[in-house]
Amino acid sequence: MRYFILLAFVFCLSQAFAQDSFKQYDKFWIEFTDKDNTPYSVLKPQEYLSPRAIERRRKQGIAIEENDLPVDPNYILGLRDLGAKVNYTSKWFNAASITADSQSYARILKLPFVKSGEPVGYSHPKRTVKAKSPIPPKNYSKSENPYGSAANQITMLNGHTLHDMGYDGDGMLVAVLDGGFTNTDIMPFFDSLRADGRLLEGRDFVDNDNYPYESSSHGSQVLSTMAANLPGLMIGTAPGATYVCVKTEETGSELRIEEDNWVVGAEFADSLGADVLNSSLGYTRFDDKSMNYSYKDMDGNTARCTQGADIAASKGILVVNSAGNSGAGDWKYIGAPSDGDFVFAVAAVDAIGRKAYFSSFGPGSQGLIKPNISAKGSSTTVGSLYSYEADRADGTSFASPVMAGMVTSLWQAFPDKTNLEIMDAVQESAHLSDDPSIGLGYGIPDVYQAYLSLSGAAGQIGGRSRSKSSANTTFNRVKDKYVLSFWCADDSESVVMEVQDLLGNIKLTKEINVSANSYQLLTLDNLDNLEAGVYFVAVKHLNYIYYQKFIKA
């Protein structure tokens, strides 16, 4: 299976790049000199941004800026007058993607309002959309666990605790940029998404139409890790959210136009008011070697898609991106836009929290900690395109949306927090937060601990006061001992501590007597007999139960 960690990027072509070298190209990126005579104004954002996009900025204290203004319409007319087809425009880069022959392109470069241009790709035959046969209903075999085979990837992040509290992404909007979403419009995993009107009209920036449900199964499987909702078979990390599918990747070639598509896809998401953007894409190398990157270009500022991702973050969007699948290859490092300063780059781990061999390494070339965090990307559960079955897939392509859905559900609980506040809380909750690594970044997050941190009630379940029992972890990483500080309320009875693996199997039990109205340290020792992996400690006191994740080294 091909994963779209399509390592490539924007690299400035040499001034000496001869015209003969790009005879094959008929798609060009044109940047303009200014927006001096634009009819649009920062005082009237409703003319080019949705109410939701404006509200997102307001809540996060973000001003409307010049790069929010659309391209001057007269500049677009000028391109068309010289025979160019304008595929789309970019507000953030004050640019346009055009299709033109070499003579028209040469004339366009001489226009007084054109700052620069570069060849980026060539035309592909437009696909013919075939009628789809509906997938017949089936009484599928249900697991006792409502998450089905997806339980591991959710419990690893303590996401089930957030879901149990009612936070499943409801009211949040997630944009998914990918290479295609075959059958998303008929897959049973998204039945509730369609029935509730939570699958918005998508956009295809490759074929320039509104039908992204073609070309590749990759985006459909990515979406399923977040949005699937077939209890007992598979539930995603944010099944209550609203989604929009945006096709930006040309599956037939690797050229820099895909980065331009990425940028305008992010702008489209911004204009709709998306809260979270997931991109399981990456760029380092192209079919045309003159466009290739080097590791030093992974500096957070060079690649056009990286610049676009950071601009998206500056507009209040939480941008989540796969770190890349090059860890075992000759490239090894993360790709753009994961190198962005404000991009949440996600590495892949297996079912017990070990780094997946293929997951790309950091840091960024300027020393920025990358990847940022980690989630399950090895044997990840994804939805089948053609049946009521769950499949498995490998790649940081799937670790990224697992995490994106989880931060979406978390952000639902704190709508007044900024995207960067959510990112910081998630990073601080991760198991390597005190000692990040080049393979896993800050490590595997515990989104419930992030919830407690954001609520100002760290150590108190759901923000309860001291009139109720509560627990707080004093040591998160352990070798042979695990310690919690526990506040016991009025009733003094025994506390039962259990160590459970990710499948819910009890590996160790200990009963401890506690005194009323006091703090006590609860200690689990003899953990050296546990195999390395991810576990939960369950603290049970009367009707109170507290779960805390830990990683056994």
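Annotations
- Test: residue in the stretch 235-248 that is surrounded by fewer than 21 Cβ atoms within 10 Å (Cβ to Cβ), over 16 Å from the mean Cα position of the chain (by Cα), among the β-branched types (Val, Ile, Thr) and closer than 30 Å to Ser133 by Cα: no
- The set of residues in the stretch 330-340 being in contact with a Ser or Thr (Cβ under 9 Å, 6 or more places away or on another chain) and of a type outside the set (Ser, Thr, Tyr) consists of Trp331, Lys332, Ile334, Gly335, Ala336, Pro337, Asp339, Gly340.
- Long-range neighbours under 6 Å by Cβ, at least six apart or interchain, first residue of a type in the set (Gly, Ala, Ser) within the stretch 239-252, second in a strand (DSSP E or B): Ala241/Val174
- Looking across the stretch 233-282, the residues that are in a strand (DSSP E or B) and farther than 29 Å from Lys59 by Cα come down to Met234, Ile235.
- Selected residue [more than 29 Å from Gly252 (Cα to Cα), in the same structural domain as Trp411 (by TED's automatic domain parsing) and not small (Gly, Ala, Ser)] from Thr155, Thr225, Thr182: Thr155
- Residue match in the stretch 115-132 (condition: out of contact with any Phe, Trp or Tyr (no Cβ under 8 Å at 6 or more places or on another chain), crowded, with 23+ Cβ neighbours inside 10 Å and of a type in the set (S, T, N, Q)): no
- Identity of the residue in the stretch 162-184, within 21 Å of the chain's Cα centre (by Cα) and acidic (Asp, Glu), that ends up nearest to Glu259 (Cα to Cα): Asp178
- Taken together, Ala269, Ala323, Ala312, Ala274 contain a single residue that is within 17 Å of the chain's Cα centre (by Cα), free of Cβ contacts under 8 Å to residues at least 60 places away in the same chain and either crowded, with 24+ Cβ neighbours inside 10 Å or under 21 Å from Pro363 (Cα atoms) (or both), which is Ala312.
- If you go through the stretch 299-321 and keep only what is touching a helix residue (DSSP H, G or I) at 6+ places or on another chain (Cβ under 8 Å) and over 21 Å from Glu65 (Cα atoms), you end up with Gly300, Ala303, Val320, Asn321.
- Qualifying positions in the stretch 26-80 - exposed (fewer than 13 other Cβ atoms within 10 Å of the Cβ) and of a type outside the set (D, E, K, R): Asn37, Pro39, Ser41, Val42, Leu43, Gln46, Pro51, Gly61, Ala63, Asn74, Leu77
- Residue list for the stretch 136-154, restricted to those being among the aliphatic types (A, V, I, L, M) and either surrounded by fewer than 16 Cβ atoms within 10 Å (Cβ to Cβ) or farther than 14 Å from Gly383 by Cβ (or both): Ala151, Ile154
- Number of residues in the stretch 39-54 that are outside any loop (DSSP other than H, G, I, E, B) and touching a Gly at 6+ places or on another chain (Cβ under 7 Å) equals 2.
- Taking the criterion of being closer than 23 Å to Leu255 by Cβ and either among the polar types (S, T, N, Q) or in a loop (DSSP other than H, G, I, E, B) (or both), the residues of the stretch 301-325 that qualify are Asn301, Thr302, Ala303, Thr306, Gln307, Asn321, Ser322, Ala323, Gly324, Asn325.
- Residue list for the stretch 134-181, restricted to those being aliphatic (A, V, I, L, M) and assigned to a loop (DSSP other than H, G, I, E, B): Ile135, Ala150, Met156, Leu157, Met165, Met172
- Residues located in the stretch 361-383, provided they are among the small types (Gly, Ala, Ser) and in contact with a Ser or Thr (Cβ under 7 Å, 6 or more places away or on another chain): Gly377, Gly383
- Number of positions in the stretch 1-46 that are modelled with pLDDT of 50 or more, under 23 Å from Trp262 (Cβ atoms) and among the hydrophobic types (A, V, I, L, M, F, W, C): 4
The values are calculated or read from the model by the stated rules, or taken from the named source; none is laboratory data. Values in this document were obtained by computation on a predicted structure and should not be read as measured data. Glycine also receives a Cβ, built like all others from the backbone with ideal geometry; neighbour counts cover every protein chain displayed.
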